[in-house]
1. Condition first: outside any helix (DSSP H, G or I), over 20 Å from G31 (Cα atoms) and acidic (D, E). Can you find one or more residues in segment 56-75 that meet it?
2. Cβ-Cβ under 6 Å, sequence separation 6+ or interchain: first residue in segment 128-157 and touching a residue at least 60 places away in the same chain (Cβ under 8 Å) and under 24 Å from N28 (Cα atoms), partner part of a strand (DSSP E or B) and acidic (D, E). Which pairs?
3. If I ask for residues that are at pLDDT below 95 and under 25 Å from I61 (Cα atoms), which ones from segment 84-129 would you list?
4. Would segment 57-69 turn up any residue that is under 19 Å from A132 (Cβ atoms) and among the aliphatic types (A, V, I, L, M)?
5. For residues in segment 65-83 being among the aliphatic types (A, V, I, L, M) and modelled with pLDDT under 90, which is nearest to S36 (Cα to Cα)?
6. Name the pairs whose Cβ atoms lie under 6 Å apart, with the first residue in segment 116-127 and within 16 Å of K80 (Cα to Cα), the second surrounded by fewer than 20 Cβ atoms within 10 Å (Cβ to Cβ) and of a type in the set (V, I, T), and 6 or more positions between them or separate chains?
7. Please go through segment 16-31 and give me each residue that is over 17 Å from E102 (Cβ atoms) and touching a strand residue (DSSP E or B) at 6+ places or on another chain (Cβ under 6 Å), ordered by number.
8. Report every pair of residues separated by at least 6 positions or lying on different chains whose Cβ atoms are under 8 Å apart, first residue within segment 57-85 and under 18 Å from S7 (Cα atoms) and touching a residue at least 40 places away in the same chain (Cβ under 8 Å), second assigned to a loop (DSSP other than H, G, I, E, B) and aromatic (F, W, Y).
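The values are calculated or read from the model by the stated rules, or taken from the named source; none is laboratory data. A quick note: this is a predicted structure, and the numbers were derived from the prediction, not measured. Because the Cβ atoms are built from the backbone with ideal geometry, glycine has one as well, and the counts that use them run over all protein chains shown.
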Amino acid sequence: MIRIGHSWDTHKLVENRKLILGGVEIPNELGLLGHSDADCVLHSLAEALLGSLALGDLGDIFPDSSIETLDLDSKIILKKSYDLILKKGFKLVNADIMIYSEKIKIAPYKLKMREIIAKILNTDITNISIKATTWEKMSFIGRNEAIASEAVVLVSD
């Protein structure tokens with residue numbers, strides 16, 4: 001059996017926060033605001049995995065009201081989400097991730113992001129795709145107020 005999952009995540013850009021995308025810290029004057037480290041790339045991927053088997057969303061498993069999840073490394077969120085997939089007898093076939101950012105250039109970091117994600121999900125790097133685009137100065141992303149990520153995954157038993 002195969003199942004598809006999809007998710008979208010966005011976080012506001014603010015001062016005095018690290019910018020972490022796909023598990024990579026990117027030098028920047030603004031970082032993403034969130035209860036955890038706010039890595040919208042890993043959040044969208046983790047939630048797409050959960051969605052593929054109708055296991056709820058990140059708020060169900062990692063509530064933002066919990067002190068245990070405060071400043072949590074999103075690599076842990078991804079690993080724990082994937083462990084739930086494995087427990088159901090499924091594994092990742094592939095993941096396709098899109099990052100939406102107006103000013104942050106993603107190209108220099110894509111390979112490292114793919115390596116980190118492939119390691120966490122115990123898969124070959126060729127199964128992890130990362131792309132990026134701008135919003136052509138439209139909306140909150142285009143005004144550099146936020147960064148978003150969208151992920152689609154295919155899992156099979």
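1. yes
2. Qualifying pairs under 6 Å: S149/D9.
3. none
4. So the first thing to find is which residues in segment 57-69 are under 19 Å from A132 (Cβ atoms), and the list is none.
Scanning segment 57-69 turns up no residue that is under 19 Å from A132 (Cβ atoms) and among the aliphatic types (A, V, I, L, M).
5. The residue in question is L70.
6. A118/I125
7. Passing the criteria: R17, K18.
8. I77/F62
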